[in-house]
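I have placed the structure first, in the form of structure tokens, so that the comments after it can refer back to it.
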Amino acid sequence: MILSILPTFWFSSWFWLAICVICIVIEVSTLSLTTIWFAIGAFAMVFISMIAMPFQIQLLIFTIISVLLLIFTRPIALKKLAVKRAATNSDSIIGKKVAVTEKITPLSKGAIKVNGLVWTATTQDGSELDVGELCEIVSIEGATAVVKKAEPVKTDSPSEE
């Protein structure tokens with residue numbers, strides 16, 4: 001077996017340093033927070049390998065360190081490094097109820113006015129909306145607002161007895 005003929009201590013430190021550098025290069029190119037834990041495990045092995053022990057044991061220790069780091073610290077790092085998506089102006093108008101300013105038909109886009117800006121609009125289900133009808137913005141596709149006919153507002157009227 002090739003692992004049994006490898007020198008145990010002087011070669012091992014350089015081997016683990018090379019593994020560490022390779023893992024860092026892979027991590028920098030992928031940014032997946034996966035190989036960084038193996039790089040840390042390899043870096044630890046640079047020092048642990050200075051203790052005279054067979055290479056198979058070093059490989060086992062490296063695997064245990066790296067897998068434990070991957071399982072227990074990656075989720076924490078992902079949570080801390082998560083980039084929060086900032087809401088844009090277009091995101092802020094989703095759900096708003098607005099009036100149609102230009103007729104929307106299945107064959108042509110119309111227009112709506114939101115926060116003083118005119119948006120081209122199309123309906124979600126391909127229905128027709130006339131000027132002045134109330135609609136709700138469902139989503140934004142490119143520069144077009146996708147709308148649906150707004151549900152009529154229900155008011156509780158006192159029941160007559």
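Worth a mention:
- Approximating the spin labels as points 7 Å out from Cα along Cα→Cβ, the Thr73-to-Ala150 distance works out to 5.4 nm.
- A cut-off of 5 Å between modelled amide H atoms, ignoring neighbours fewer than 5 places along the same chain, links Ser139 with Val146.
- Between Glu128 and Glu102, the modelled labels are 1.8 nm apart [label points 7 Å from Cα along Cα→Cβ].
- Of the solvent-accessible surface of region 25-158, computed with a 1.4 Å probe and all protein chains present, 66% belongs to carbon and sulfur.
- Sequence of Lys80, Lys149 from largest to smallest accessible area, 1.4 Å probe: Lys80, Lys149
- Rolling a 1.4 Å probe across the protein heavy atoms gives region 94-135 an accessible surface of 59 Å² per residue.
- About its Cα centre, region 42-142 has a charge dipole of approximately 640 debye under the convention of +1 per Lys or Arg Cβ and -1 per Asp or Glu Cβ, with nothing else charged.
The values are calculated or read from the model by the stated rules, or taken from the named source; none is laboratory data. If you're wondering where the values come from, they're calculated on a predicted model, not measured in any experiment. Note that each Cβ is placed from the backbone with ideal geometry, even for glycine, and that neighbours are counted across all protein chains shown. Calculation scope for accessible area: heavy atoms of the full protein, side chains included, ligands and nucleic acids excluded. Shrake-Rupley method; radii C 1.70, N 1.55, O 1.52, S 1.80 Å.
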